[in-house]
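Asks: Quick one: the structure is below, questions incoming.
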Amino acid sequence: MTLNEIQLDSLPKPELSRYEKLNPEIHAGLSKIGKKLHGNKIYHISSTATGGGVAELLRSQIPYEKSLGLDSRWFVIEAPRSFFEITKKIHNLFQGKPGFLSKKEKQQYLEENGRLGKDMAKILSREKTGGIVIIHDPQPLAIREYIPKNFYVISRLHIDLSSPNTSIVEFMRPFLSSVDMTIVSNKDFVKCMPWLPPRKIRIIYPAIDPFTDKNRSLSRDLAKEMMVQYGINPDRFTISQISRFDTWKDPLGVIKAYYLAKNKIPELQLVLVGFFEAQDDPESADVFNEVKKHSKADPDIHLFYNMNQLQPKDASDDLFINALQLMSDVVIQASTREGFGLTITEAMWKARPVIARKTSGPMIQIKDGQTGFLVVSPETIAKKIIHLHDEPRLGIKIGKKAAMSVKKKFLMPRFVYDNAKIYQKSLEPVHNLTAN
Ligand code: UDP
């Protein structure tokens, strides 16, 4: 069990001038804050550098902060599978699954966090001037007590906390109560922590980076070519869901909706993508096996789960996902819990009509009937698919509005700005503390 630092040189460097063109006002604000915070230490700790929304966010956010002049660093956890089995259970409990952590599981979680905490404390002890530590999600949250006093500690929770299992909230309460600030993606998520004073809570909506391989503009010809290369017919009506194979993402619900819609649209094809990348999600293989069983070897259901399915030259799945989102007639997000679905915003940015389950994140991301659709069941997903198939102009209209709303609200500069404003405020008392 140890902490590994991600070498930021290995991630693409953001070109700030391109972000400036997106939104000059936010860019100006960011440059100003960047100057004030120049050289300040920001330590991000998350469970993994690949797979899932947190990794996706941090891969853009941290290099962006660094380009603005902040001394941002990123550490991830190297731990045995048994630790990630416990933290996935914690994640599931936070999202409302029944059950509780056993005494042994709690003990292992705390012991492993103790080892991580000591590692972190050693690194931080070299920083006499202090700084900010941001703990992403619950996996490393219990390292809080090892962080030196001259650091401002933020807990950034990315999960859906709309109806958590109270047993886990109580277990985590000492750590959540002792951080200086908690950031969540939705105001509804605060209700489960009534003991947190409002001054210690902020809401920040996540965002996507429009210039990564996943989101940059791609020609339809190239996207079409990629679909053909991977056995997907670009001329047939295509629906897709891109998500880790996780029961909360309800891939079986998507398959059900596909079968229902297929009765009316014989040419329909479904693509499900969930490459096994996230080491903190040990359940994905089991969920995938269920998905495989339910897809009954239907040749019109395309399953992508292993990176070996991609061309060896495609080191990452980003371009493939970009092309697939662009070529999908409808993008589905059937999650029964979703703190904020980056995949939804990614598809909207590509002007796709998205059908999502009406849960916390999608309700912020989509205006029902205007920038996408919010539905409640596989049956209503199927109805909407048929509707969009029968009225292609509706999909085009919704898609255009969806892209506009992402441009306005859910792009990386706004997200980095929101975070930087918190850094700015929080560093004031830290400086006072170290000066005394
Ligand atoms: N993703 C990916 N490959 C996959 C499945 C998902 O790169 O096989 C990406 C997806 O494009 C998105 C992120 O992982 O950027 C998932 O974030 P989201 O917020 O939708 O869900 P999370 O996994 O965090 O629950």
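Asks: Between Glu379 and Asn308, 0.36 nm times their residue separation minus their Cα-Cα distance comes to what? Walk me through the intermediate numbers first.
Replies: Working: separation 71, 0.36 × 71 = 25.56 nm, distance 3.37 nm.
Answer, rounded to one decimal: 22.2 nm.
Asks: I would also like to ask the following. For Asp280, tell me the accessible area in Å² from a 1.4 Å probe, rounded to the nearest 10.
Replies: Rounded to the nearest 10, the figure is 30 Å².
Asks: Calculate, in nm to one decimal, what Gln229 and Glu391 gain on full extension: separation in residues at 0.36 nm each, minus their alpha carbon distance.
Replies: Going from the current span to full extension adds 55.5 nm.
Asks: Hey, if you put +1 on the Cβ of every Lys and Arg and -1 on every Asp and Glu Cβ in segment 325-404, which of Leu342, Met404, Pro392 ends up farthest toward the positive end of that dipole?
Replies: Checked the options; the winner is Met404.
Asks: Viscosity 0.890 mPa s, temperature 25 °C: what is the translational diffusion coefficient of the chain from Stokes-Einstein with a Kirkwood Rh over Cα pairs, rounded to a whole number of µm²/s?
Replies: D = 109 µm²/s.
Asks: Starting from the amide H of Ser72, placed 1.01 Å from N in the peptide plane, find each other amide H under 5 Å away whose residue is 5 or more places distant or on another chain.
Replies: Result for Ser72 returns Ile42, Lys66.
Asks: Could you compute how much accessible surface His387 exposes when probed at 1.4 Å, giving the result in Å² to the nearest 10?
Replies: 70
Asks: How much accessible surface area, in Å² rounded to 10, belongs to the heavy atoms of Lys421 with a 1.4 Å probe?
Replies: 90
Asks: In the chain, what percent of the accessible surface is made up of carbon and sulfur (1.4 Å probe, ligands and nucleic acids excluded)?
Replies: About 53 percent, which is the carbon plus sulfur part of the accessible surface.
Asks: Then there's this: Under 16 Å Cα to Cα from Lys350, which lysines show up? Leave out anything in the same chain fewer than 8 places away.
Replies: Those lysines meeting the cut-off are Lys214, Lys224, Lys397, Lys400, Lys401, Lys407, Lys408, Lys409.
Asks: Mean projection of the alpha-carbon convex hull of segment 137-284 over all orientations, in nm²?
Replies: Mean orientational projected area (segment 137-284, Cα hull): 12.7 nm².
Asks: Please give the per residue accessible area of segment 202-251, computed with a probe of 1.4 Å over protein heavy atoms only, in Å².
Replies: Value for segment 202-251: 43 Å² per residue.
Asks: Residues in segment 81-101, backbone N under 13 Å from the label point at Glu170 (7 Å along the Cα-to-beta-carbon vector): list them, ranges by number please.
Replies: Correct set: 99-101.
Asks: Still on this structure, I have one more. What order do Tyr43, Tyr259 take when sorted by accessible area (1.4 Å probe), most exposed first?
Replies: Ranking Tyr43, Tyr259 by accessible area, largest first, yields Tyr259, Tyr43.
Asks: Ratio to report: Rg/Rh of segment 223-368, with Cα atoms as the point set and Rh obtained by the Kirkwood method; give two decimals.
Replies: 0.93
Asks: In whole Hz, with x marking every Gly and Pro, tabulate ³J(HN,Hα) for segment 198-215 from phi via Karplus 6.51 cos²θ - 1.76 cosθ + 1.60, θ = phi - 60°.
Replies: Each residue's phi maps through the Karplus curve to give x, 5, 9, 10, 9, 10, 10, 7, x, 7, 10, 9, x, 10, 7, 4, 6, 10 Hz.
Asks: Using θ = phi - 60° and the Karplus curve 6.51 cos²θ - 1.76 cosθ + 1.60, what whole-Hz ³J(HN,Hα) does each residue of segment 72-82 get, with Gly and Pro shown as x?
Replies: 8, 10, 9, 10, 10, 8, 10, 8, x, 3, 4
Asks: By a straight-distance test (C-alpha under 19 Å), which aspartates and glutamates pair with Lys21 as possible cross-link partners, with residues fewer than eight away in the same chain excluded?
Replies: Glu65, Asp209, Asp213, Asp418
Asks: A further question on this structure: Largest first, what is the accessible-area ranking of Tyr423, Tyr205 with a 1.4 Å probe?
Replies: Tyr205, Tyr423
Asks: A further question on this structure: Solvent-accessible area per residue for segment 75-139 at a 1.4 Å probe radius, Å²?
Replies: Details: 2920 Å² over 65 residues.
Ligands and nucleic acids excluded, the result is 45 Å² per residue.
Asks: If you take the beta carbon distance between Glu145 and Lys200 as r and set R0 to 22 Å, what does 1/(1 + (r/R0)^6) give as a FRET efficiency, to the nearest 0.05?
Replies: Plugging the Cβ-Cβ distance into 1/(1 + (r/R0)^6) gives 0.80.
Asks: Describe numerically, in nm with one decimal, the distance between label points set 7 Å from Cα along Cα→Cβ at Asp298 and at Arg220.
Replies: 2.6
Asks: Taking the mean number of other Cβ atoms within 10 Å as a proxy for protection, how do you rank 161-167, 361-367 from highest to lowest?
Replies: Taking the mean over residues of other Cβ atoms within 10 Å, the ranking is 361-367, 161-167.
Asks: Now for a different question. Could you give me the ³J(HN,Hα) list for segment 25-33, computed from phi with Karplus coefficients 6.51, -1.76, 1.60 and θ = phi - 60°, whole Hz, x at Gly and Pro?
Replies: 5, 5, 4, 4, x, 5, 4, 5, 4
The values are calculated or read from the model by the stated rules, or taken from the named source; none is laboratory data. Quantities reported herein were computed from a predicted structural model and do not represent experimental measurements. Note: ideal-geometry Cβ built from the backbone for every residue, glycine included; neighbour counts use all protein chains shown. In case anyone asks, the SASA skips ligands and DNA or RNA and just uses the protein heavy atoms, side chains included. Shrake-Rupley method; radii C 1.70, N 1.55, O 1.52, S 1.80 Å.
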